[in-house]
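Student: Before I ask anything, here is the structure I am working with.
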Amino acid sequence: MELEKLLKKHFGHSSFKPGQKEVISSILAGNHTLAMLPTGTGKSLCYQFPGNLLDGTILIVSPLLSLMQDQVEQMMKIGEKRVIALNSFLTVDVKKDALRNLGKYKYIFISPEMLNVSYIIQRLQGLSICLFVVDEAHCISQWGYDFRPDYLKLGEIREQLGNPLTLALTATATKQVREDILHSLGISEVERVESSVDRPNIGIFIEKCEDYREKQNRLIELVSTLKGPGIIYFSSKKVAEQMAALLREKGFNVMAYHSGLDQEQRILIQQQFIYGQLDVICATSAFGMGVNKENIRFIIHFHMPLQIESYLQEIGRAGRDGKPSIAILLYTSGDEQLPTQLVEGELPTDQQIDWLFTWLHHNGQTEILNLDSSLKNIGGFSDIQWRFIDEFCSQLFRNHTSLEKSCEVIKEYVSNRLVVKKSNISRVKKWIEINECRRDFLLSHFDESIGRNIPNCCDICQIEWSLFMAKEKNGSPIEKSEKWKDYLAQILLSELEK
Ligand code: ADP
Ligand code: MG
């Protein structure tokens with residue numbers, strides 16, 4: 001049967017979205033495939049569809065529990081019941097039962113952490129895996145923006161599963177990251193389906209603010225005048241909460257969303273936003289992956305993004321319906337300090353690493369496999385630092401690396417990671433400072449160029465503000481902001497004259 005007919009029959013869609021058919025055909029032809037398609041273009045279909053034609057199990061490695069849950073529900077909705085997500089949401093009994101009867105599932109979603117459990121690998125080895133899917137595959141790469149150590153082992157796991165046919169999916173990976181993905185997975189021959197990362201219906205605007213207060217006022221002004229709904233991204237949970245409260249005071253329907261909220265609250269807020277009960281979400285980067293909302297009209301960044309890739313992912317949540325949307329970054333000189341502190345705080349310091357290994361040495365712990373978790377507090381490790389060091393040490397100890405060597409390896413790794421992360425920040429800073437087309441610079445990061453005239457491209461090219469405004473149709477917000485500055489200057493002058 002023609003692929004289009006099968007699409008209609010199984011999924012109810014009348015045509016493929018760009019790239020889907022190429023990816024599916026490549027998989028059906030038995031080629032390992034790397035697909036880089038923008039967020040929202042229906043990458044999930046690229047592994048759901050072949051499930052109707054290939055014999056065996058489709059194993060999907062997915063980075064987020066909520067994302068997996070979402071996919072399972074979506075598949076259930078279209079009548080596919082042979083699907084399960086192996087994660088911590090399952091009760092012990094259900095998990096036991098599922099693992100005993102894995103063969104009855106056509107689609108198995110799993111986190112990279114779970115894939116590391118040897119019992120689970122053994123169970124999976126008993127299946128015939130017709131497709132091994134790595135969703136959000138950029139997480140594999142040390143150059144990827146959201147590095148996850150467990151992803152590094154996927155190559156090894158793939159080998160243990162008999163090197164099955166593989167599909168790597170990502171939305172925003174630089175050339176270097178794409179090569180890194182293939183290398184880590186141990187794939188040499190691959191079919192590539194890569195589309196542009198550009199989203200021409202999203203205008204890109206950087207606005208410089210004098211200081212924090214001005215930025216805050218500008219944010220309120222933007223939320224009051226821009227067409228919604230919108231997302232405001234923050235790098236700090238606290239500031240996201242504060243601004244959400246401030247905007248609520250001004251009468252907007254706003255909630256904050258970040259990893260500090262419990263799972264239920266997060267799901268509730270996400271649903272409220274999706275169903276139009278909220279105008280704006282004040283979010284950290286925890287929000288957005290897998291959120292299917294077509295009509296998001298603006299994305300504001302209150303803090304400086306940590307890297308170009310995540311910035312592009314975040315603004316890409318706007319305008320899925322193809323209508324004009326705007327991405328605004330508010331920048332105040334010195335804003336790069338926060339991302340720098342954040343990346344430094346994610347990794348253990350040299351002093352912490354030295355302390356840990358000295359402690360292990362003095363306490364004769366040379367033959368251990370895992371670190372004692374009480375060392376976390378004694379050594380003053382944050383959750384994220386501890387997860388990193390704990391993971392790293394267990395890998396090294398399992399390979400019988402000596403304490404001295406392990407200490408050296410970890411320190412070197414941390415220092416390399418810091419170089420990468422800091423250079424990512426510098427790149428964003430450079431982008432803020434240039435006087436050339438913003439879009440072209442973003443695209444060049446992915447070895448692309450703009451190639452044509454895009455209306456409402458960026459603040460350097462040209463933006464027709466009225467397109468994005470809901471209330472104040474006359475006068476650009478820039479003018480307004482200038483007027484506001486004049487007003488402030490007047491007040492200051494009159495104060496001085498008193
Ligand atoms: P991605 O992973 O690329 O961000 P998803 O797989 O989550 O995107 O799909 C986004 C949305 O697009 C889903 O709601 C899905 O049902 C829809 N979709 C996928 N393929 C098609 C198609 N061919 N026609 C219409 N809608 C589609
Ligand atoms: Mg996806």
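Laboratory data are not the source of any read-out in this text; all were calculated from the coordinates shown. All of these numbers come straight from a predicted model, not from anything done at the bench. With ideal geometry, Cβ positions are generated from the backbone for all residues, glycine too; neighbour counts draw on all protein chains shown.
Student: Working out 0.36 nm times the residue gap between SER259 and ASP354, then minus their Cα-Cα distance, what length gain in nm do you get to one decimal?
Tutor: Residue separation times 0.36 nm, minus the Cα-Cα distance, leaves 31.2 nm.
Student: Net charge near LEU246: determine it from the other residues with C-beta under 13 Å of the C-beta of LEU246, scoring Lys and Arg +1 and Asp and Glu -1.
Tutor: +3
Student: Using 0.36 nm per residue of separation minus the Cα-Cα distance, give me the extension gain between HIS10 and ARG192 in nm, one decimal.
Tutor: That pair, HIS10 and ARG192, stretches by 63.0 nm at full extension.
Student: Testing the spin-label approximation: label points 7 Å from Cα along Cα→Cβ at SER118 and ASP93. State their distance in nm.
Tutor: Inter-label distance under the simple model: 3.0 nm.
Student: Please report how far the C-alpha centroid of region 222-289 lies from that of region 328-361, rounded to the nearest whole angstrom.
Tutor: Spelled out, the Cα-based centre of one part sits 26 Å from the other.
Student: Roughly how many nanometres apart are two label points built 7 Å out from the Cα toward the Cβ at LYS405 and ILE434?
Tutor: 4.4 nm
Student: Relative contact order for region 342-423: what is it in percent, counting Cα pairs under 8 Å that are at least 6 residues apart?
Tutor: Normalised by residue count, the contact order of region 342-423 is 45 percent.
Student: Let me know the shape class of region 342-423, please: from the alpha-carbon gyration tensor, a ≥ b ≥ c as square roots of the eigenvalues, rounded when a/c is under 1.5, otherwise prolate if a/b is greater than b/c, or oblate.
Tutor: prolate
Student: Give me the number: length gained by fully extending ARG427 to GLU448, i.e. 0.36 nm times residue separation minus the C-alpha to C-alpha distance, one decimal in nm.
Tutor: 5.9 nm
Student: On to the next question. Using 1/(1 + (r/R0)^6) with R0 = 30 angstrom and r between the beta carbons of SER373 and GLU336, what's the FRET efficiency to the nearest 0.05?
Tutor: Plugging the Cβ-Cβ distance into 1/(1 + (r/R0)^6) gives 0.30.
Student: Now a separate question. How many angstrom lie between the Cα centre of region 186-200 and the Cα centre of region 1-43?
Tutor: Region 186-200 and region 1-43 have Cα centres spaced 14 Å from each other.
Student: Another question about this same structure. Counting Lys +1, Arg +1, Asp -1, Glu -1, what net charge surrounds ARG266 among other residues with beta carbon under 14 Å of its beta carbon?
Tutor: -3
Student: Label the chain by shape, choosing from rounded, prolate and oblate, from the square roots a ≥ b ≥ c of the eigenvalues of the Cα gyration tensor; if a/c is under 1.5 it is rounded, and otherwise prolate applies when a/b is larger than b/c, oblate when it is not.
Tutor: Because a/c hits 1.5 or more and a/b fails to exceed b/c, the chain counts as oblate.
Student: What is the calculated FRET efficiency for ASN101 to ASP321, with r their C-beta to C-beta distance and R₀ = 25 Å, to the nearest 0.05?
Tutor: The value I calculate is 0.05.
Student: Report the local net charge at LEU28: Lys and Arg +1, Asp and Glu -1, summed over other residues whose C-beta lies under 12 Å from its C-beta.
Tutor: -1
Student: Moving to a separate point now. Does region 1-77 classify as rounded, prolate or oblate by the C-alpha gyration tensor (a ≥ b ≥ c root eigenvalues; a/c under 1.5 gives rounded; else a/b over b/c gives prolate, otherwise oblate)?
Tutor: rounded
Student: Please identify the helices of the chain, taking whole runs of DSSP H, that span at least 15 Å along their own axis as judged from the Cα atoms and have a mean Kyte-Doolittle score of -1.0 or higher.
Tutor: Sorted by number, the helices that extend far enough and score high enough are 65-77, 175-185, 212-225, 237-249, 263-274, 350-362, 383-398, 403-433, 477-497.
Student: May I ask you to order 310-320, 152-162 by the average number of other C-beta atoms within 10 Å around their residues, highest value first?
Tutor: Per-residue mean Cβ counts within 10 Å order the peptides as 310-320, 152-162.
Student: For the peptides 195-207, 437-449, what is the packing order when you average, over each peptide's residues, the other Cβ atoms within 10 Å and list the highest mean first?
Tutor: Peptide ranking by packing, descending: 195-207, 437-449.
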